[in-house]
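Colleague: Next up is a structure, given as structure tokens.
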Amino acid sequence: MKYKIHTDVFTEQECKNIIKQADKWYNNIVYNDDYVINPNGKFMRQFKEAEFKCKFTEWDNLPIHKCIVTRYKEKDFLNEHSDRTWTAHGLKAKDIMIVPLNEDYVGGQFTINGGEVVPQKVGSVIQIGLYTKHGVSKVLEGTRYSMVFWNFA
């Protein structure tokens, strides 16, 4: 699967409420596969995230154990990368779901596989496989918000 878009999963109002509810923003430290902090991590990403309780407990009949809201201010970005395998409750992450929460910003395009731009619509869910290279181009104006969650098999 390259990517799959599920439209109208969240209403525009639900997306606004998610943004309002997200708090306790922090920088996520980048780790290498051996769980040692990657000294080049600061060149891979620049954005903040907040833990969030997802409205779903499962996606594609698989449990969700982690959900975050990401905030990209002007000049923030996420270079293309693929997530490493990680586990929760003895299960391995399978897919990543990205939910665009707003559109009042410039830049901040979601890309996969070397720069292919994936269309974003507020309230839709973009589903990609765990090992699909993905990123967010630099935000040029405004603030970009998205919710991200993983299902586990």
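The values are calculated or read from the model by the stated rules, or taken from the named source; none is laboratory data. Source: prediction; values computed, not measured. Note: ideal-geometry Cβ built from the backbone for every residue, glycine included; neighbour counts use all protein chains shown. Keep in mind that these areas ignore ligands, DNA and RNA; they rest on the heavy atoms of the full protein, side chains included. Shrake-Rupley method; radii C 1.70, N 1.55, O 1.52, S 1.80 Å.
Colleague: Under 18 Å from the 7 Å Cα→Cβ point of residue 89, by amide nitrogen: which residues of region 113-153?
Modeller: The answer is 149-153, whose backbone nitrogens lie closer than 18 Å to the label point.
Colleague: Let me ask another. If exposed chymotrypsin sites (Phe, Trp or Tyr not before Pro) are those in a DSSP loop with at most 16 other Cβ within 10 Å, what is the longest stretch of the chain that has none?
Modeller: 87-130
Colleague: If you don't mind, another one. Counting each DSSP H run of 4 or more residues in the chain as -39500 (n - 2.57), what helix-only mean residue ellipticity at 222 nm follows after dividing by all residues, to the nearest 500 deg cm²/dmol?
Modeller: Value at 222 nm, helices only, nearest 500: -2500 deg cm²/dmol.
Colleague: Now for a separate question. Unpartnered cysteines of the chain (Cβ-Cβ under 4.7 Å counts as a partner)?
Modeller: Cysteines of the chain left without a disulfide-compatible partner: 15.
Colleague: Apply 1/(1 + (r/R0)^6) to the Cβ-Cβ distance of residue 14 and residue 141, taking R0 = 25 Å, and write down the FRET efficiency to the nearest 0.05.
Modeller: After rounding, the FRET efficiency stands at 0.50.
Colleague: Distance from a point 7 Å along Cα→Cβ of residue 4 to each backbone N in region 115-145: keep the residues under 19 Å and list them by number.
Modeller: Counting only backbone N, you get 118-121, 123-134.
Colleague: Within the chain, what's the longest stretch lacking GluC sites (Glu not before Pro) that sit in DSSP loops with no more than 16 other Cβ atoms inside 10 Å?
Modeller: 1-73
Colleague: Of the heavy-atom accessible surface of the chain (probe 1.4 angstrom), what whole percent is carbon and sulfur?
Modeller: 50
Colleague: Taking all protein chains together and a probe of 1.4 Å, list 66, 73 from the most accessible to the least accessible.
Modeller: Descending accessible area places them as 73, 66.
Colleague: Which pairs, out of 24/66; 4/24; 2/121; 16/73; 16/48; 2/55, put more than 22 Å between their alpha-carbon atoms?
Modeller: Among 24/66; 4/24; 2/121; 16/73; 16/48; 2/55, the Cα-Cα distance tops 22 Å for 4/24; 2/55.
Colleague: Sticking with this one: With 26 Å as the cut-off, how large is the P(r) tail for the chain, expressed as percent of Cα-Cα pairs?
Modeller: 19
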